[in-house]
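Novice: Pasting a structure here, questions to come.
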Amino acid sequence: MIAQPLEVVGVNQYQADRVRRGGDGKAEVVPWPDGFPITASFEWAVAPETMYWMPKFLFERYRKPIYITENGISVRDWISLDGQCHDPTRIDFTKR
């Protein structure tokens, strides 16, 4: 049963690595520059552009509908003096 054709592709998307073709033709990870923003809990690069590139890659590879089943960013939350969590980092991430 597990070998059935795909109907859709679901992906949880939280982080990304930058990859390029190395001198030997194999993929190599390109380090993020010093000071690049990272998430609070997992220290993943904050790269909202992956919400464009990952579904594009998956669609071009599988030619099936893509569902983003989870995504987000881990940040430190705090309650402001007005009793609200204004969440500026997540708002900025979502807008990007």
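Novice: Condition test on Arg76, is it out of contact with any helix residue (DSSP H, G or I) (no Cβ under 6 Å at 6 or more places or on another chain), basic (Lys, Arg), without any contact (Cβ under 8 Å) to a residue 40 or more places away in the chain and open to solvent by less than 90 Å² (accessible area, probe 1.4 Å)?
Specialist: Considered against the rule, which asks whether it is out of contact with any helix residue (DSSP H, G or I) (no Cβ under 6 Å at 6 or more places or on another chain), basic (Lys, Arg), without any contact (Cβ under 8 Å) to a residue 40 or more places away in the chain and open to solvent by less than 90 Å² (accessible area, probe 1.4 Å), Arg76 comes out as no.
Novice: Now a separate question. Regarding segment 51-69, can at least one residue be identified that is modelled with pLDDT under 90, open to solvent by less than 70 Å² (accessible area, probe 1.4 Å) and assigned to a loop (DSSP other than H, G, I, E, B)?
Specialist: no
Novice: Continuing with the same structure: Can you say whether Thr39 is β-branched (Val, Ile, Thr), touching a residue at least 24 places away in the same chain (Cβ under 8 Å) and either open to solvent by 90 Å² or more (accessible area, probe 1.4 Å) or under 30 Å from Pro5 (Cα atoms) (or both), as far as the supplied structure shows?
Specialist: no
Novice: Just need a number here: residues in segment 59-96 that are closer than 15 Å to Gln15 by Cα and either touching a Leu at 6+ places or on another chain (Cβ under 7 Å) or not acidic (Asp, Glu) (or both).
Specialist: Result for segment 59-96: 11.
The values are calculated or read from the model by the stated rules, or taken from the named source; none is laboratory data. From a predicted model like this one, the values you see are computed outputs, not experimental measurements. Neighbour counts run over all protein chains shown; Cβ positions are idealised from the backbone, glycine included. Quick note on the areas: whole protein, heavy atoms, side chains included, nothing else; ligands and nucleic acids left out. Shrake-Rupley method; radii C 1.70, N 1.55, O 1.52, S 1.80 Å.
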